[in-house]
Ligand code: NCD
């Protein structure tokens, strides 16, 4: 497959490129099942994790992915920097460039930060967007698509897309980069996307979004019978006003609880990118049920990020001997 220059948006991926990355992720998953979970392919390459925002899963996942490909990894946590955002990003990027970073994985509170870094001329390395504000989180969308494909079609599903698969994305769509990247990638892969949220947590004008919009979770579950339900975290840290009456009411109307679990087919997936607000958007009964893919998503994230880093950084090196 051809190499990408950067991965900034799920829209950077054509259908073929997305399927190829999912297939490569299967190869990486088989490496992760071995006793010695390591490939020599990125030996001598340096990957910098540049995290201006908190993260547990994504940062550790990228670190593990780079290490399993034998790259050198530097973790840079920029939290607490007193320099203004634009300057600190430029100074930091130039420092990384001077040290010879081949790839930079960036998470930043400002939408567009990864794009700025990629197009600034400050740095030559490949940029991976690990979440920029409320904008995008493309590797989360890839790991979600990989999780859906594996659960529905098994691990021998190479070459397959998600044509006709019904996916409902539920909750705080307005503040969610996970929702945005998933909407793009799921459409690219041929899935049917349903957005389910209170009107206050949907963008003011969603007419340009290629999705069915619903305002009633139970009615949607009855009518659509989704193959996968993706619950979004209520992102209180991004809320400057009141978007719903109370947490208690939100949990009652929008929370995925045992009653709603009973409406889900036994083969349907219940997904959440983490971190979960247990008792708010998802109950423990639902989060820990057999339908739940929460921990599979985390495990798959490592394989998918290995595939992404391999694609971006391996150059002429091949995967043939994996
Ligand atoms: C998401 C994020 O940070 O965008 N989490 C993640 O990457 N696993 C979703 C969220 O924080 O709600």
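Nothing in this text is a laboratory measurement; each read-out follows from the coordinates by a stated rule. Quick caveat: nothing in here was measured; it's all calculated off a predicted structure. All Cβ positions, glycine included, derive from the backbone under ideal geometry; neighbour counts span all protein chains shown.
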Sorted by average packing, counted as other Cβ atoms within 10 angstrom per residue and highest first, what order do 119-127, 230-238 take? 230-238, 119-127
Above 26 angstrom, tally the Cα pairs of the chain and express them as a % of all pairs, no decimals. 45 percent
Which angle between 0 and 90 degrees, to the nearest 10, do you get for helix 177-188 versus the longest principal axis of the chain when only C-alpha atoms count? 90 degrees
Descending Cα extents along the principal axes, region 113-196, whole Å: 43, 31, 16
Binned Cα-Cα distances of region 97-143, short to long, each 5 Å bin given as a whole percent: 6, 23, 28, 24, 13, 5, 1
Most exposed first, judged by fewest Cβ atoms within 10 angstrom, 222, 153 run 222, 153
Using the 10 angstrom Cβ neighbour count as an exposure proxy, how do 317, 34, 177 rank, fewest first? 34, 317, 177
Which value, in Å to one decimal place, does the Kirkwood hydrodynamic radius take for region 27-158 when every pair of different Cα atoms is included? 15.9 Å
Semi-axes of region 138-294's equivalent ellipsoid from the Cα gyration tensor, sqrt of 5 times each eigenvalue, largest first, rounded to whole Å? 23, 18, 14
Rounded, prolate or oblate (a/c below 1.5 giving rounded, otherwise prolate when a/b exceeds b/c) for region 261-316 by Cα gyration tensor: prolate
Distance cut-off 22 Å, percentage of C-alpha pairs in region 228-322 lying past it: 44 percent
